[in-house]
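Okay, so here's the structure we're looking at.
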Amino acid sequence: MENATSVSVDVCGKTFTFESGLLAGQAGGAVTVTLGDSLIFCAATCSNEPREGIDFFPLQVEYREKFYAAGRFPGGFFKREARPSEKEILTMRFTDRPIRPLFPETYHNDVQLDCMVLSTDGINDPDVLNICAASAALHLSDAPFMGPVAGVRIGRVNGEFLLNPTHDERAESDIDLIYVGTATATMMIEGSAAEASEADMVSAMKYAQEACVLLIGAQLELRRKLGMDDKVVENPAKDPTLLDAAREISGADLRKAMMIGDKHGRADARREVKSALKEALQAKFEEMTSEEFRSTFDDFEIECVRRNALEDSNRIDGRAFTEMRELGGQIDVLPRTHGSAIFSRGETQALCSTTLGTSKDAQMVDAVCGGPKEKRFMLHYNFPGYSVGECGRMGFTSRREIGHGNLAERALAEVIPEDYPYSIRLVSDVMSSNGSTSMASVCSGTLALMDAGVPIIAPVAGISVGVYTEAERAELILDILGTEDHCGDMDFKVTGTRKGITAFQVDLKVKGLDWNVVEGAFDLARTGRLQILDFMDTVIAEPKAELKGHAPRIQVLKIDPEKIGELIGPGGKNIRRITDTTGVQMDIQDDGSVSIYSDNGDSLAAAIKEVDAITAEIEVGDLYHGTVRSIRDFGAFVEVMPGKDGLVHISELADCRVDKVTDICAEGEQMWVKCIGIDERGRIRLSRKEAMAEKDEEVADEATADA
């Protein structure tokens, strides 16, 4: 771009260009990243002063795909981009997660990242470029960002890894990995796979890390070309005065309280310690604010949980580091759903229901940047306040719910057969939460699918692995509680079958993972996953052979594509007649696949008969029960299939001489005929005489058999 400073880098044969200087000159940092004709813009701004009254980092990430970027108008009545799509929300989430840990703990200034797709070629998805753009914008700004980082997508086709695969390549890929790394370590992974092994996943991550190093180098070079010194960020430590005092006053009491296994019992004991400590600290530090105490107590709680684990090898509920909580499961719990199940792991419980529908029930996707146009499998996740015993906001779907639902959806989508004719909607309602509800949703979703009779390729289970780190030490823990997630350094979620991994998502609070921790987490997750799958087999070992009695039926017929027009009829006459008279729904594909959907077996059978009648071919030697449509001196024309008739010559009407055709039949009458030939012009020759002889022979055979 004119007046812009740019840096281009070739990574695996693809050219990435970072530019700054033309757009948004008043932002703290503004960058565009280009791959092909896909271009993403990000502006980073931060406030000069901390936000008062908070003890957290107020980072906001916004990502929007502008319709003009693809030369399109927005759909709907209002020709303006409205609320963000699910894909946009997911992109915001995987941009936020690897960036957030790279700010100082004491930094409470507002930071906003405004990201927009300004151009899209429909081939290269700009979503993962957003991570690079956000990192580069922050790196150019005054924000104390301890980056940069880079994000890439890795696919694998025919055993070969691909960097940022195109939409067509992704459709053929058996791995879809979004990877974010610093120059030296892993920061985040997210994605899905077609039962990939743990070793394959680590190999894909290492391939991605090499690419990230080059993209990070481009960001460093861009800052230097703009005449800016290399960025150095200080990470000031918190004032330890209040924490030291808290440790001295209540250290033993809080460590004991945080060893109570029951969530509510632990919360009550924690509340008592907190109240007493606040009173004691207020007496000692009269100028302590509520925000300072809240922040101190949070640090104090995290320290106690970590010391219990790292110093005494004690987890909150007394389990060993590699021990699973008690598992529970039940199917067929809701009488009118097409499938349902409950899965519990300790105090975490998810209720999942399955609904089957036609292709018309698929979710249409208005994909601005290319990719699939519809979804035939959906999983929706709900996390109500009562699941944690609290009053929460009602009436809307949070970004967290969308993210957790998408993770569970990716996990199960890999085992739905591609040719399964139904659209499927799973709904996971979290009934009780104490950690890893998304993984419980995967397990309950698997059980609900099998209860519904969906022929999944294999059962899927999910589990989360955490880690406590201290200097060079890293202790992995299996099946983390909510508090362990809060107090630990990692939430490493992995789902899969017995054969391999189907989905994954890793969030960190530390500034990167070593490869030995990554490999150890994958191995521990596999151990836990197999244990859960063993339990799930005791609940239901395989999909039910039959659908529920009230579940809809879909029959898929295959017809000659050239006969689609005949089936539809002029102006849709035939298809309307079939659906109106039988009450079914029908969907016809260009390849000749005809899906017939009905919740009534008789209606389904009637519709199949109608389709067969219209599309079937007349076979020489077969009998047909036809209708006389017209009479001539030389014979009768008999309709044997809708729109198909043939001639019964007067000589073929009976096994004796026939003087007049009307002596044997009249228009509108039905009679049995046999096809005795089809000439090169497609004209059908029929015989009543041979049909009657064959019918007489059948009667004689039956009489002999009865005797």
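Tell me what the chain gives for mean residue ellipticity at 222 nm when only DSSP H runs of n ≥ 4 count, each as -39,500 (n - 2.57), the sum divided by the residue total, rounded to 500 deg cm²/dmol. Kindly include the intermediate steps, with their values, before the conclusion.
On the way: 15 runs with 232 residues, N = 707.
The helix contribution divided over the chain gives -11000 deg cm²/dmol.
A 1.4 Å probe run over segment 450-541, with the rest of the protein chains in place, finds 32 Å² accessible per residue. Counting Lys and Arg as +1 and Asp and Glu as -1 over every other residue whose Cβ lies under 13 Å from the Cβ of GLY569, the net charge comes to +1. Reducing segment 244-260 and segment 339-373 to their Cα centroids gives an inter-centroid distance of 44 Å.
Please report, ordered by residue number, every helix of the chain (full DSSP H runs) that is 30 Å or longer along its axis going by C-alpha atoms and whose mean Kyte-Doolittle hydropathy reaches 0.0.
Answer set is 198-225, 515-539.
Take every pair of alpha-carbon atoms less than 8 Å apart whose residues are at least six positions apart; their mean separation over the length of segment 407-526 yields a relative contact order of 26 percent. Rolling a 1.4 Å probe over the heavy atoms of the protein chains gives segment 163-232 an accessible area of 40 Å² per residue. Sorted largest first, the principal axis extents computed over the alpha-carbon atoms of segment 1-131 equal 45, 41, 28 Å.
Of the accessible area of segment 1-126, computed with a 1.4 Å probe over protein heavy atoms only, carbon and sulfur atoms account for 51 percent.
Taking all pairs of different Cα atoms in segment 234-327, averaging 1/r and flipping that mean, what Kirkwood radius in angstroms comes out? Walk me through the numbers before you get to the answer.
On the way: mean 1/r = 0.0699 Å⁻¹.
It works out to 14.3 Å.
A P(r) calculated from all alpha carbon pairs of segment 65-179, with 10 Å bins opening at zero, reads 12, 36, 32, 17, 3 percent. Projecting the Cα positions of HIS550, THR469, ILE568 onto the charge dipole of segment 462-581 (unit charges on Cβ atoms of Lys, Arg, Asp and Glu, taken about the Cα centre) puts ILE568 furthest along the positive direction.
Eigenvalues of the Cα gyration tensor times 5, then square-rooted: what semi-axes does that give for segment 613-707, in whole angstrom, largest first?
Square roots of five times the eigenvalues give 22, 18, 12 Å.
Per residue, the accessible area of segment 21-94 comes to 55 Å², computed with a 1.4 Å probe over protein heavy atoms only. Relative contact order, whole percent, for the chain stands at 10, derived from Cα pairs under 8 Å and 6 or more residues apart.
Using the alpha carbons alone, the radius of gyration of segment 345-483 stands to its Kirkwood radius in an Rg to Rh ratio of 1.02.
Applying a threshold of 29 Å to the alpha-carbon distances of LYS87/LYS509; LYS79/LYS360; LYS375/LYS544; LYS563/LYS695 flags LYS563/LYS695 as lying beyond it.
Along each principal axis, taking the top coordinate minus the bottom one, the Cα set of the chain gives 122, 66, 45 Å in descending order.
Dimensions of segment 445-492 along the principal axes, based on C-alpha atoms and rounded to the nearest Å, stand at 50, 20, 10, largest first. Checking every one of the GluC sites (Glu not before Pro) in segment 577-685 against DSSP loop status and a limit of 16 other Cβ atoms within 10 Å picks out GLU617, GLU619, GLU667, GLU669, GLU680.
Ignoring lysines fewer than eight residues from LYS278 along the same chain, the ones with Cα atoms less than 25 angstrom from its Cα are LYS238, LYS256, LYS263. Of the solvent-accessible surface of segment 250-303, computed with a 1.4 Å probe and all protein chains present, 47% belongs to carbon and sulfur. Once C-alpha pairs closer than 8 Å and six or more residues apart are averaged by separation and normalised to the residue number of segment 1-129, the relative contact order reads 32 percent. The alpha carbon centroids of segment 193-235 and segment 413-458 are separated by 35 Å.
Could you work out what % of the accessible surface of segment 422-484 is carbon and sulfur, using a 1.4 angstrom probe and leaving DNA, RNA and ligands out of the count? Taking all protein chains in place, segment 422-484 shows 48 percent carbon and sulfur surface.
Cross-link reach is defined here as a Cα-Cα straight distance under 14 Å, omitting same-chain residues fewer than 8 places apart; for LYS609 the aspartates and glutamates meeting it are GLU617. For segment 505-570 and segment 584-650, what is the centre-to-centre distance using only Cα atoms, to the nearest Å? So the separation of the two Cα centres works out to 39 Å.
The values are calculated or read from the model by the stated rules, or taken from the named source; none is laboratory data. Keep in mind that this is a model prediction, so the values were computed, not measured. Virtual Cβ from ideal backbone geometry, glycine too; neighbours counted across all protein chains shown. Heads up: the accessible areas ignore ligands, DNA and RNA and are worked out on the full protein's heavy atoms, side chains in. Shrake-Rupley method; radii C 1.70, N 1.55, O 1.52, S 1.80 Å.
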